[in-house]
Amino acid sequence: MPVNYPKAITFGNGMFVVVGLASTIATSVDGVTWETRLPANHNASLYGVTYGNAKFVAVGEGGSIMVANESDLNTWPLVNTSTDVRLQGVAFDPNAGFMAVGNVYYKSVDGQTWTRIDSENGKGQWNGNGIAHGYDTWVRAGGFLFSSYDQDGFTWDTDAGIATFNAITFGNSSFVAVGGRTIARSLPLSLLTVVKPGTGTGTVTGPAAFSGSLSGVSCGSTCSYFYLPNLPVTLTAVADTCSYFAGWAEWTGCGTNSGCAITMPATGEATVTAAFESLGCLNKPVRLVSTGQGYDTLQQAYDVAINGDTIKVQKVEPYLTGSLIADRNIAVILTGGYNYTYTSNAGYMTTLKGSVQTLLGAVTVGNFAITN
């Protein structure tokens, strides 16, 4: 092979690329016949290479980062990272970009502009030989340690501290690292998906996960987060104003309680449905039962009411302004004193500053005080 002590290999855009000592690079379409590429004016040894965003990126001695477009593998311009630290490995993820690792991290979105990332909690003191991305986090392999740039906590099927690991990759839901006559695999995480159906809105929160918000789960209409297998997870549902929490599905015993304690499965995934329904008030003081919608005035609700409908009115402070002229051949019930969720009006009344006039049909009024 026309590479001086090959150190790393990658594949992309139908091409194998190998890098090695003294900045030697070779490419091959079939893995059998190789062509030597000679970067100009650069002799640093290269120890890692990856492909992404239509680029090949090689890293090595003296913080060297060399980038070649897939359309021109004879040109490998050097990116100056302003460091003398040797970079041992580099990886790419479509959602996270590029990450190079040695005794420091260098991160790039496009492969051209790189930013040094100082790791937290003393992780940077450990040499990284390789890095991989999965579960929305970077995990590196190095000296007697597995360390994640974003989050620790993976469970491995062998003691991660018994060897110096030289390379790591992610696939089939696991990280796999090799080195020191050892192969270590992280146990797959369990996926939790929260679905929020219904006509209402609300939030579902929970403990920190391996993906999404590391400070805690906060779901939109649908969201997914990874947790350790068999981990107890307590979710809390809170309805927004003018909505109510209708209950959980899939998990026996949670019912309509706002809190739901589940246990992540040992393998696979779990789905939780948290239903929120609308109270129809939309922060408006009048609600029509037949439409489930909120209105600003009695007249607006009456004009779209059907025969036998009920118009509910909140206990507005100090009073609700406006009049109602009933001029349709329908019968409606007008009831006041409701709280803002329209769930109770016991013991309360609505004061209406206006009037109720019945010209046609019938209006039954309750829990109202009418004043001019």
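Determine whether Gly212 is within 18 Å of the chain's Cα centre (by Cα) and either modelled with pLDDT under 85 or closer than 30 Å to Phe276 by Cα (or both). Quick ask: steps written out before the conclusion?
Details: within 18 Å of the chain's Cα centre (by Cα): yes; either modelled with pLDDT under 85 or closer than 30 Å to Phe276 by Cα (or both): yes.
Yes.
Look at Asp110 and say whether it is touching a residue at least 24 places away in the same chain (Cβ under 8 Å), within 28 Å of Gly134 (Cα to Cα), of a type in the set (Asp, Glu) and touching a strand residue (DSSP E or B) at 6+ places or on another chain (Cβ under 6 Å). It would help to see each step written out before you state the result.
On the way: touching a residue at least 24 places away in the same chain (Cβ under 8 Å): yes; within 28 Å of Gly134 (Cα to Cα): yes; of a type in the set (Asp, Glu): yes; touching a strand residue (DSSP E or B) at 6+ places or on another chain (Cβ under 6 Å): no.
In short, no.
Rundown of residues vs (1) in contact with a Leu (Cβ under 7 Å, 6 or more places away or on another chain); (2) closer than 18 Å to Val17 by Cα, yes/no style:
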| position | (1), (2) |
| --- | --- |
| Ala58 | yes, yes |
| Ser64 | yes, yes |
| Ala68 | no, yes |
| Ser71 | no, yes |
| Trp76 | no, yes |
| Val79 | no, no |
| Ser82 | no, no |
| Val85 | no, no |
| Gly97 | no, no |
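The values are calculated or read from the model by the stated rules, or taken from the named source; none is laboratory data. Just so you know, these numbers come straight off a predicted model, no measurement behind them. When we count neighbours, we look across all protein chains shown, and the Cβ atoms used for this are built from the backbone with ideal geometry, even at glycine.
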